[in-house]
Amino acid sequence: MGKIGEKLKIDFVVSTGDNFYDNGLNSQHDPAFLQSFTNIYKSKSLQTHWFSVLGNHDYRGDAEAQFSPFLRQIDSRWFCLPSFIVNADLAEIIFVDTTPLVKSYFLNSDNHTYDWRGIIPRKRYITNLLKDVECALRESTAKWKIVVGHHAIRSIGFHGDTEELVNYLLPILKANNVDFYINGHDHCLQHISDTNSRMEFLTSGAGSKAWRGDMKKQRREGLRFFYDGQGFMSLQLSQFDAHIAFYDTYGTVLHTWNVWKPIFHSSM
């Protein structure tokens, strides 16, 4: 990542959740913050802003610890909130807290304890979240609209499509012409093009543990790329095009894709 970051002169890094595996942070003083973040990403090019969303594993610990300003005193790169917006000139990036949308975490916790402070009552939280996302996208005048969440909308990985996101979030993204939805959750790299819109679904969940050989056979329409090893991705934007690249742990390019913005000419 450091070498690619230097080559591309990156502006910032995005973390798609499950930031501290396996059970999040136990407090803002948890040494895991240093062990899994500060002491790992030491390359010069990675000394920049890190924008992070929570994953379901983060909710198994003290979820609010990751929002603490104290962590920014330890490492000023770190920025994490439940949901937020980054305005990056050409793009507006909306980070969405997808874990509360998934009903199974509330019905069957598999003996795990989740930190639902600020989430309950769940129905009201979800209603407000979706309303905020829709409003932000509708009012956005950015050239590129990007949404980041932990859970996949489309995936052929172990977890597959997330039903609640397909039903509730996807229609909002389509109605507002979102260009990219970027997620983690499935421990792989993948690229799926939507079959009835311009949206690209990008999974980058292979930053640590990878699930070799674990992929679903159904719903492969639009599949451009799948890799069941460790790696990461980059996204470069200009006024007229976007360049997507996926890499393995050595920085070898595994897959690239270009997206072009239509240029409209007015006639008098």
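Out of Glu64, Glu6, Glu92, I need the residue that is under 30 Å from Asn177 (Cα atoms) and modelled with pLDDT of 95 or more. Which one?
Result: Glu92 is the single residue among Glu64, Glu6, Glu92 that is under 30 Å from Asn177 (Cα atoms) and modelled with pLDDT of 95 or more.
Tell me whether the stretch 181-192 contains one or more residues that are aromatic (Phe, Trp, Tyr) and out of contact with any Gly (no Cβ under 8 Å at 6 or more places or on another chain).
For the stretch 181-192, residues aromatic (Phe, Trp, Tyr) and out of contact with any Gly (no Cβ under 8 Å at 6 or more places or on another chain): absent.
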- Name the residues in the stretch 158-174 that are free of Cβ contacts under 8 Å to residues at least 60 places away in the same chain and at negative phi, would you? Phe158, His159, Asp161, Glu163, Val166, Asn167, Leu170, Pro171, Ile172, Leu173, Lys174
- Hey, can you tell me all the residues within the stretch 21-38 that are among the charged types (D, E, K, R) and out of contact with any His (no Cβ under 7 Å at 6 or more places or on another chain)? Asp30
- Within the stretch 136-189, tally of residues that are small (Gly, Ala, Ser), closer than 16 Å to Glu92 by Cα and open to solvent by less than 10 Å² (accessible area, probe 1.4 Å): 1
- Item | Check on Asp18, in a loop (DSSP other than H, G, I, E, B) and either among the aliphatic types (A, V, I, L, M) or in contact with a His (Cβ under 6 Å, 6 or more places away or on another chain) (or both) | yes
- Item | Of all residues making up the stretch 219-242, the number that are within 17 Å of the chain's Cα centre (by Cα) and either modelled with pLDDT under 95 or surrounded by fewer than 16 Cβ atoms within 10 Å (Cβ to Cβ) (or both) | 1
- What pairs can you find where one residue is in the stretch 97-112 and more than 14 Å from Arg60 (Cα to Cα), the other is among the aromatic types (Phe, Trp, Tyr), and their Cβ atoms are less than 8 Å apart, with a gap of 6+ or different chains? Leu101/Tyr168
- Query: With (1) surrounded by fewer than 20 Cβ atoms within 10 Å (Cβ to Cβ); (2) of a type in the set (Val, Ile, Thr); (3) out of contact with any helix residue (DSSP H, G or I) (no Cβ under 9 Å at 6 or more places or on another chain) as the list, and Ile126 as the residue in question, which single condition is left unmet?
  - Reply: (3)
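The values are calculated or read from the model by the stated rules, or taken from the named source; none is laboratory data. Predicted model only: the values in this text are computed from it and were never measured. Every residue, glycine as well, gets a Cβ built from its backbone with ideal geometry; the counts of neighbours run over all protein chains shown. Ligands, DNA and RNA are excluded from the accessible area calculation, which covers all protein heavy atoms including side chains. Shrake-Rupley method; radii C 1.70, N 1.55, O 1.52, S 1.80 Å.
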